[in-house]
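Report on the following structure.
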There are 2 protein chains.
Amino acid sequence: MEKITMADVAKEAGVSKSTVSQFLSKRYEYMSGETRKKIEKAIEKLNYHPNYLARSLKQKRTSMIGVIVANIMHRFSTEISRVIEDFFNQHDMHAIICNADNDPGKERKYIEMLRAKQVDGLIIFPTGQNIDLYTNMVEGGYPVVFMDRKVPGVAAPTIISNNLDAVYSAIEHFIENGHQQIAIASQPLTISTRTDRYEGYKKALEAYGLVINPSLMINAEIKTVRKELERLFTSGSPPTALLAANDLVFIEVLEFAKENNLQVGEDFALAVFDNIPFAHLVNPPVTTVAQSSRGMGEKAAEILLKQINKEKVDTNEIVFPCELLIRESSEKTWSGFW
Amino acid sequence: MEKITMADVAKEAGVSKSTVSQFLSKRYEYMSGETRKKIEKAIEKLNYHPNYLARSLKQKRTSMIGVIVANIMHRFSTEISRVIEDFFNQHDMHAIICNADNDPGKERKYIEMLRAKQVDGLIIFPTGQNIDLYTNMVEGGYPVVFMDRKVPGVAAPTIISNNLDAVYSAIEHFIENGHQQIAIASQPLTISTRTDRYEGYKKALEAYGLVINPSLMINAEIKTVRKELERLFTSGSPPTALLAANDLVFIEVLEFAKENNLQVGEDFALAVFDNIPFAHLVNPPVTTVAQSSRGMGEKAAEILLKQINKEKVDTNEIVFPCELLIRESSEKTWSGFW
DNA sequence: GTGAAAGCGCTAACAG
DNA sequence: CTGTTAGCGCTTTCAC
C-alpha cells in the first residue's frame, strides 16, 4: 500500500524533495506560506506517511533505546520498565523491553541484536556474565546504564537499591520483636543484589550479638527452595522468622506454608524483599521492603538520555533507599503501583 | 565508534561488498572456502557489526512488531505481552510494547509512530475510538490483529475471551450457593469486554428467575468505584455476593472491604474476572475467572506472523474459553504464571 | 526561498 | 564464485 514517498509529495506539490523535507522537520522559515500550503495539501491528498527508518539511517539516531531485564517475572522489573517507557515516551523516544531470563546467552544475543538495530542506548539488568561485551560498549562510548546489580570492573553508571541496609532494618525489626531464630531464603548468590542482602542479614545478627547459623540461610534455585524450606522447618530448631529475599522466593514460601499448614504470622513471622501488590490487603498482612522503582527507573532513563546527548555522566553507583513497610498490625497503607 | 562498514570489511578482506553481504546472510555456497575465511578474519579484526537499519530499509522488513496495550496495569496485559514477546523472539523478531493508557490520543500516536518506524505488524488492544485509523490499516493490507476487544465494522482478526459465558458461570455459581442479591462492579461500558461481562451477568440472573436490579450494577471510573460501593453496601438491601469485573476493580473492592471492616467470604462472597497472582495463597481465597493469556497471546502472534508472510487469514473472532477457579474451599491450586 | 546532488550502509539482480 | 551497478527513502550542504 504505502509506496508513496517524499518524491511523490514533492511532485504533487510542484516543489523539490528538500523543501518537503524542510516542511516535515517543521522549518517553515525556509518557505513561503504558499508552498507550505501546497505541501500540506499534497500530503493530505496522497495520505503520505514518512519513513523514519530512512531518516534514522541518515541521521544515525533511531530514537529507540533498549531495556534488557534479567527476569521479567519480578514485579520490580515490570515496574521499572513501565517507568522507563513512560519517560522516553515523553521525549518522543521508544523503549524496547527484552527479557534475558537470567540467561547470559540470551543477554548477549539481545545486546547484539539491539545494537545492530542501532538503538541509541541500553539499560541493562546485567547477568554479570558478559563482561567482554559490557566493556566493549562502555569503552566504545556507547550509552549504557546498569540497573539493580553492580558489575565490578565496568565503568558504567549503575542504579541500585540500598540492599544491605534495607535487609538490616528488616532483620532488626524481627529482633526487636523478640525473634532469635531468624532465617533468610534467597536464590543463588551470583549477583550483587543477593550477596548484599545476605550481608545485611549477617550484619544485623552480628550487631545484636546473635549467632550466624548457616543452616538458617538458604540460597538455592527456585526449584529447590521448597526442599530447603522443608529441611529448615523440620530441623531441630526451626526459625521463628523468615525473610524471603525476593518475590519469587516469597511465592515458594507461601506455597510451602500452605501445603504444610503453617500459619504465617502465627507459626512464623514473614517479611519479603520486594514490592508485592495486594500485600496490604490480604491476610496475613505481609511486611515488605519496597524498592523505589519509580525513582530508580527515572534516574536510569535520565542518565541514559544524557549520555545519548553526549553529556558527561558519573559512573558512580547511585544508591536508592528502600522502604520497610511493616504490616503486622494491618494498619499501614501501601501506596504502590495500582 | 562504530564507523566500520561493509565496505571496510570488503577492502580488508580484498573482496567486494556483495561477497561480504552473501557471507553475512550465510550463503556460503556462493564463495570459496578461502574467501570465506578471509572475510571471517576481516570481520574479527575490524570488530565489525552489521547495520540492520540499512538492511531493513532495503528489504522493507524490520523484523519488529508492535503491541499496543490499552492499560498495562492489568496483569492480563502483561502476561499476553510476555507471551507475544517470547513467540516473536523465537522467530528472530522483536516486539515493542506500548501502553496507550486507555487514551485514544495516545493510541493514535503510537500507531502512527510504529508504522513510521516500519514495524511489520501490530497487535492492538483497541480503545475502539480510532476507527478511521484501524480501517485505514486493514484496507491497506497492513497486518493487524485485535486483542481482547471487538471492534465492530473493522475486518481484522480478533482474539477474545468468552466473556459472556464465563461471567454467566461465575454468577451461576453464586446462585447455586444460595445468593440472591448479587452485584457486579465494572468500569464504564465503553468496550465490548465490559458489555459482554454485563450481559453474562444479566443472562444468568434471568435464567434463574432473579430480578435484574440496576442498583446492584456498578459501572464507573476506577476513581469513583469506591463511592459506588459505599452506596451499594449501605443501601437497604446490600449484596451478599459481588463480582469484580476486572483486577483493577478488584483492588478497589478489597480496599473498600478493608476500610469498612467487611470480611470477604463472610460478609459477602467475592469473585473476580481476571488472573490474580497469589489468589490461591491468601485469605480469603478468592474465586477467579482466569483468561487463557498463553493461548490467546500465542494465537494472536501466530496470526500476525501469517499476515506478515502474506498468508491469508480469517477475520473472524477467535474466542477462548475462560476457567472458573472456585476457591471458597481453599483447595484448588492455580497453575498460573509464576 | 528553493532545488540539485551526494550520500547513510546495505541488498539484489545481473554480468562475467 | 565474485564484482558492478543501482537503488531503498530521507537529509543536508551548497548553489541559484
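For the reader, a short list of remarks on this structure follows.
- Just one of (1) hydroxyl-bearing (S, T, Y); (2) facing another protein chain (nearest Cβ under 10 Å); (3) without any contact (Cβ under 8 Å) to a residue 60 or more places away in the chain; (4) within 16 Å of DNA strand C (Cβ to nearest atom) fails for B:Y110. It is (4).
- Subset of region A:251-278 [at the interface with another protein chain (Cβ under 9 Å from one of its Cβ atoms) and within 24 Å of B:V253 (Cβ to Cβ)]: A:I251, A:L254, A:K258, A:I276, A:P277, A:F278
- Restricting A:Y48, A:Y30 to those that are more than 7 Å from DNA strand C (Cβ to nearest atom) and among the hydroxyl-bearing types (S, T, Y) reduces the list to A:Y48.
- Test: residue in region A:151-163 that is farther than 30 Å from A:V119 by Cα, of a type in the set (V, I, T) and in contact with a helix residue (DSSP H, G or I) (Cβ under 9 Å, 6 or more places away or on another chain): no
- Which listed residue is over 26 Å from A:D120 (Cα atoms), of a type in the set (D, E, K, R), surrounded by 14 or more Cβ atoms within 10 Å (Cβ to Cβ) and not assigned by TED's automatic domain parsing to the domain that holds B:M147, from B:R27, B:R36, B:R55: B:R36
- Given (1) in the same structural domain as B:A300 (by TED's automatic domain parsing); (2) free of Cβ contacts under 8 Å to residues at least 12 places away in the same chain, index of the condition B:E79 fails: (2)
- Residue tally, condition β-branched (V, I, T) and surrounded by fewer than 22 Cβ atoms within 10 Å (Cβ to Cβ), over region B:226-275: 4
- Applying the set (1) outside the structural domain of B:Q181 (by TED's automatic domain parsing); (2) more than 25 Å from B:G200 (Cα to Cα); (3) touching a helix residue (DSSP H, G or I) at 6+ places or on another chain (Cβ under 7 Å) to B:L281 leaves exactly one unmet item: (1).
- Test for A:V20: is it of a type in the set (A, V, I, L, M) and within 11 Å of DNA strand C (Cβ to nearest atom): yes
- Residues in region B:8-55 that are near DNA strand D (Cβ under 7 Å from one of its atoms), in a loop (DSSP other than H, G, I, E, B) and either under 24 Å from A:L57 (Cα atoms) or out of contact with any helix residue (DSSP H, G or I) (no Cβ under 9 Å at 6 or more places or on another chain) (or both): 2 in all.
- So A:K58, is it more than 16 Å from the chain's Cα centre (by Cα) and under 30 Å from A:S292 (Cα atoms): no
- Scanning region A:256-266 for residues that are touching a helix residue (DSSP H, G or I) at 6+ places or on another chain (Cβ under 7 Å) and assigned to a helix (DSSP H, G or I) returns a single hit, A:F256.
- Being part of a loop (DSSP other than H, G, I, E, B), at negative phi and within 20 Å of the chain's Cα centre (by Cα) is a description that does not apply to B:P285.
- Filtering region A:113-123 to residues that are in contact with a Gly (Cβ under 8 Å, 6 or more places away or on another chain) and away from chain B (no Cβ under 11 Å) leaves A:G121, A:L122, A:I123.
- Selected residue [surrounded by fewer than 20 Cβ atoms within 10 Å (Cβ to Cβ), within 30 Å of B:I308 (Cα to Cα) and more than 14 Å from chain A (Cβ to nearest Cβ)] from B:G153, B:G141: B:G153
- Only residues that are under 11 Å from B:I65 (Cβ atoms), out of contact with any helix residue (DSSP H, G or I) (no Cβ under 8 Å at 6 or more places or on another chain) and more than 10 Å from every other protein chain (Cβ to nearest Cβ) were counted across region B:76-92, and they come to 0.
- Residue match in region B:61-81 (condition: at pLDDT 90 or above, within 15 Å of DNA strand D (Cβ to nearest atom), crowded, with 17+ Cβ neighbours inside 10 Å and aliphatic (A, V, I, L, M)): no
- Conditions (1) free of Cβ contacts under 8 Å to residues at least 40 places away in the same chain; (2) within 30 Å of A:I124 (Cβ to Cβ); (3) near DNA strand C (Cβ under 9 Å from one of its atoms); number of the one not met by A:K60: (1)
- Candidates A:K312, A:K223, filtered to the one that is surrounded by fewer than 17 Cβ atoms within 10 Å (Cβ to Cβ), within 14 Å of another protein chain (Cβ to nearest Cβ) and under 24 Å from the mean Cα position of the chain (by Cα): A:K223
- Beta carbons closer than 8 Å, at least 6 apart along the sequence or on distinct chains, pair a first residue in region B:32-56 that is farther than 27 Å from B:M93 by Cβ and away from chain A (no Cβ under 14 Å) with a second that is modelled with pLDDT under 90 and more than 12 Å from DNA strand C (Cβ to nearest atom) for B:R36/B:Y28.
The values are calculated or read from the model by the stated rules, or taken from the named source; none is laboratory data. Note that the structure is a prediction, hence the values are computed from the model and not measured. Note: ideal-geometry Cβ built from the backbone for every residue, glycine included; neighbour counts use all protein chains shown.
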